[in-house]
1. Here's a check for you: in region 82-98, which residue that is out of contact with any Gly (no Cβ under 7 Å at 6 or more places or on another chain) and crowded, with 20+ Cβ neighbours inside 10 Å is farthest from SER37 (Cα to Cα)?
2. Filter region 94-105 down to residues that are assigned to a loop (DSSP other than H, G, I, E, B) and either in contact with a strand residue (DSSP E or B) (Cβ under 9 Å, 6 or more places away or on another chain) or touching a residue at least 40 places away in the same chain (Cβ under 8 Å) (or both) and give me whichever is farthest from THR181 (Cα to Cα).
3. Going through region 22-34 one residue at a time, which ones are more than 11 Å from THR144 (Cβ to Cβ) and either hydroxyl-bearing (Ser, Thr, Tyr) or surrounded by fewer than 23 Cβ atoms within 10 Å (Cβ to Cβ) (or both)?
4. If we only count strands (runs of 3 or more DSSP E) wholly inside region 140-205, which ones have 3 or more residues that are in contact (Cβ under 8 Å) with a residue 40 or more places away in the chain and surrounded by 14 or more Cβ atoms within 10 Å (Cβ to Cβ)?
5. Output the qualifying pairs, or none if there are none: Cβ atoms under 6 angstrom, residues six or more apart or on different chains, first residue in region 110-125 and among the small types (Gly, Ala, Ser), second residue not in a helix (DSSP H, G or I).
6. I'd like the full set of residues that are acidic (Asp, Glu) and farther than 17 Å from SER188 by Cβ, limited to region 74-127.
7. So, GLN51, is that one among the polar types (S, T, N, Q) and loosely packed, with under 15 Cβ neighbours inside 10 Å or not?
8. Within the group PRO96, PRO9, PRO33, which residue is touching a helix residue (DSSP H, G or I) at 6+ places or on another chain (Cβ under 8 Å), farther than 15 Å from VAL140 by Cα and not small (Gly, Ala, Ser)?
Amino acid sequence: MAQLIDIHPQDPQPRLIAKAADIIRDGGLIAYPTDSSYALGCSLGNKEALQRIRDIRHLDDRHDFTLVCSDFSQMNAYVAFDNSLFRVLKNATPGPYTFIMQASRETPRVMQNPKKKTVGVRIPDHPVALALIAELGTPVVSSTLLLPDRDEQLLQGWEVRDELDYQLDAVIDGESGYTPTTVVDVTSGVPEVVRVGAGDPTPFE
């Protein structure tokens, strides 16, 4: 049964953030709130947890997982971008955008798109998500919590646990956005919107 960890949405309790981070460090899979929607999260290179995410969401191995980062310095270790691309990203972060980019050598191959060698990256605008990343000291490997058999988003932690109880190790109960991120592919150098979500796509069209 997944643990339900009730964390204050604006002032996350350090003790509870540390508890959630320890579950991730120990190889667990959690659901946590972000500024866009709930996400599934695990540690870098956690092959078993990545497969659990694929099973929950019915994904194939071409899915671009996302590195949810605290800032550009952390992001820069896992993807490559020049100054012009940095300006594009800076204008939209932190916020509800995911950018598909070329993965660097530091990004575990198990989470890269096997053909394109790409990975998603984002910097959220959410106190709980940022506190969790800070406690871990590494990005959280994530995927939006979109279930294949549901049309609507799960908006509350208790709803997530009721739906996915034994498939997760923990659920952080906190305020979340209700629309997935807008996804922008910048691998060609020219931004291409591949999913319209919470972020305004206009700057990339």
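1. We begin by selecting, within region 82-98, every residue out of contact with any Gly (no Cβ under 7 Å at 6 or more places or on another chain); these are 82-91, 93-94.
If we keep only those that are crowded, with 20+ Cβ neighbours inside 10 Å as well, we get 89, 93.
Numbers: LEU89: 20, THR93: 16 Å.
The qualifying residue farthest from SER37 (Cα to Cα) is LEU89.
2. Taking region 94-105 first, the residues assigned to a loop (DSSP other than H, G, I, E, B) are 94-96, 104-105.
Of the ones still in play, those that are also either in contact with a strand residue (DSSP E or B) (Cβ under 9 Å, 6 or more places away or on another chain) or touching a residue at least 40 places away in the same chain (Cβ under 8 Å) (or both) are 94-96, 104.
Working: PRO94: 12, GLY95: 9, PRO96: 5, SER104: 23 Å.
Here the answer is SER104.
3. At the first step, the residues of region 22-34 found to be more than 11 Å from THR144 (Cβ to Cβ) are 22-30, 32-33.
Once the filter is applied, which keeps residues that are more than 11 Å from THR144 (Cβ to Cβ) and either hydroxyl-bearing (Ser, Thr, Tyr) or surrounded by fewer than 23 Cβ atoms within 10 Å (Cβ to Cβ) (or both), region 22-34 yields ASP22, ILE23, ARG25, ASP26, GLY27, GLY28, TYR32.
4. Working: elements: 140-144, 170-173, 182-185, 192-195.
Ranges flagged: 140-144, 170-173, 182-185.
5. Between residues of region 110-125 that are among the small types (Gly, Ala, Ser) and residues that are not in a helix (DSSP H, G or I), the close pairs are GLY120/ASP64; GLY120/THR66; GLY120/THR98; GLY120/ILE100.
6. From region 74-127, those acidic (Asp, Glu) are 82, 106, 125; that's our starting set.
Passing the criteria: GLU106, ASP125.
7. Numbers: among the polar types (S, T, N, Q): yes; loosely packed, with under 15 Cβ neighbours inside 10 Å: yes.
Here the answer is yes, as GLN51 does meet what is asked.
8. Numbers: PRO96 fails: touching a helix residue (DSSP H, G or I) at 6+ places or on another chain (Cβ under 8 Å); PRO33 fails: farther than 15 Å from VAL140 by Cα.
Unique residue meeting the criteria: PRO9.
Laboratory data are not the source of any read-out in this text; all were calculated from the coordinates shown. Predicted model only: the values in this text are computed from it and were never measured. Quick reminder, even Gly has a Cβ in these numbers, built from the backbone with ideal geometry, and neighbours come from all protein chains shown.
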